[in-house]
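*Asks:* Sharing a structure below in structure tokens format, with a few things to ask.
Read-outs throughout are calculated quantities, based only on the coordinates presented, and are distinct from any laboratory measurement. What you see is a predicted model, and the numbers here were worked out from it, not measured in a lab. Counting neighbours? That spans all protein chains shown, and the Cβs are built from the backbone with ideal geometry, glycine included.
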Amino acid sequence: MSGTGPGEPSDAELLRSHAKGDADAFGRLFLRHKNRLWAVALRIVCDPEDAADALQDAMISAFRRAADFRGDSAVTTWLHRIVVNASLDTLRRKPSKSVAWSGDPDELPLPDPRRGLGGAGGVASGADKVDTRLDVDAALGFLTPPQRAALVLVDMLGYSVAEAAAILGCSEGTVKSRCARGRRRLLPYLSHLRTNFPAKRNQPVADGVSSEQGGGA
């Protein structure tokens, strides 16, 4: 998926032009895909400031590594992979949480609300959507980074399992396993929300949290 119109250069052509010294090519490539890349960073990190830092680090890395791109995947897949890795690195630099739970819902630790309210899909309408986004963002903090990345791509942003596997550099079975484990781990924290966890692509994790930037990579 290149997102180009008639007469426009493809993603691969822009990347090659950048590698050859075209001063404008990389900027055009980034502008073409920035909304999806921002959505991925924001939903994984759940903090606008950290997401902006992760996206900036990712684009600096892509800018410098353009000559190493061999065309084994789509340019968008390559860009998404760099953004996901930068976002996960941001998470790993944060203090980790150790959560112990006996199985009794009344004994669940209360997640701290997170600040990430926005997203590429626009401003949530109504207090219920805002509260739901806070709950989901906070609960995501209890997943391992690999589970979090898979769940965000498939359940929150609407990428197919195959697309997520290409982005994450793992098998489709691994993506399915990470999503299933992530859903099971999140369910106790979000059981007060009305909608069940998704069993297939493009179903929202919870009310008010739907696919924000669907599409392939």
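*Asks:* In whole angstrom, how far apart do the alpha carbon centroids of the range 51-74 and the range 137-180 sit?
*Replies:* First find each Cα centre; the distance between them is then 20 Å.
*Asks:* Still on this structure: Once phi is turned into ³J(HN,Hα) by the Karplus curve 6.51 cos²θ - 1.76 cosθ + 1.60 with θ = phi - 60°, what whole-Hz value does each residue of the range 167-175 show in order, with x for glycine and proline?
*Replies:* 5, 7, x, 9, 6, 5, x, 5, 4
*Asks:* Using only the Cα atoms of the range 1-67, construct the convex hull and provide its projected area averaged over every direction, in square nanometres to one decimal. Could the numbers behind the result be given before it?
*Replies:* Numbers: hull surface 18.9 nm².
One quarter of the hull surface, i.e. the mean projection, equals 4.7 nm².
*Asks:* Mind ranking 156-163, 31-38 by how tightly packed they are, going by the mean number of other C-beta atoms within 10 angstrom, highest first? Walk me through the intermediate numbers first.
*Replies:* Values: 156-163: 21.5, 31-38: 18.6.
Answer by packing, highest mean first, reads 156-163, 31-38.
*Asks:* Next question, about the same structure. Assuming 0.890 mPa s and 25 °C, estimate D for the range 36-78 with Stokes-Einstein, Rh taken as the Kirkwood radius over Cα pairs, in µm²/s. Show your work: numbers first, answer last.
*Replies:* Details: Rh = 11.2 Å.
Estimated diffusion coefficient is 219 µm²/s.
*Asks:* Please give me, ordered by residue number, the trypsin sites (Lys or Arg not before Pro) of the range 40-88 that lie in loop per DSSP and have at most 12 other Cβ atoms within 10 Å. Spell out each step's value before the answer.
*Replies:* On the way: sites: ARG43, ARG64, ARG65, ARG70, ARG81; in loops: ARG70.
Here the sparse-neighbourhood loop sites are ARG70.
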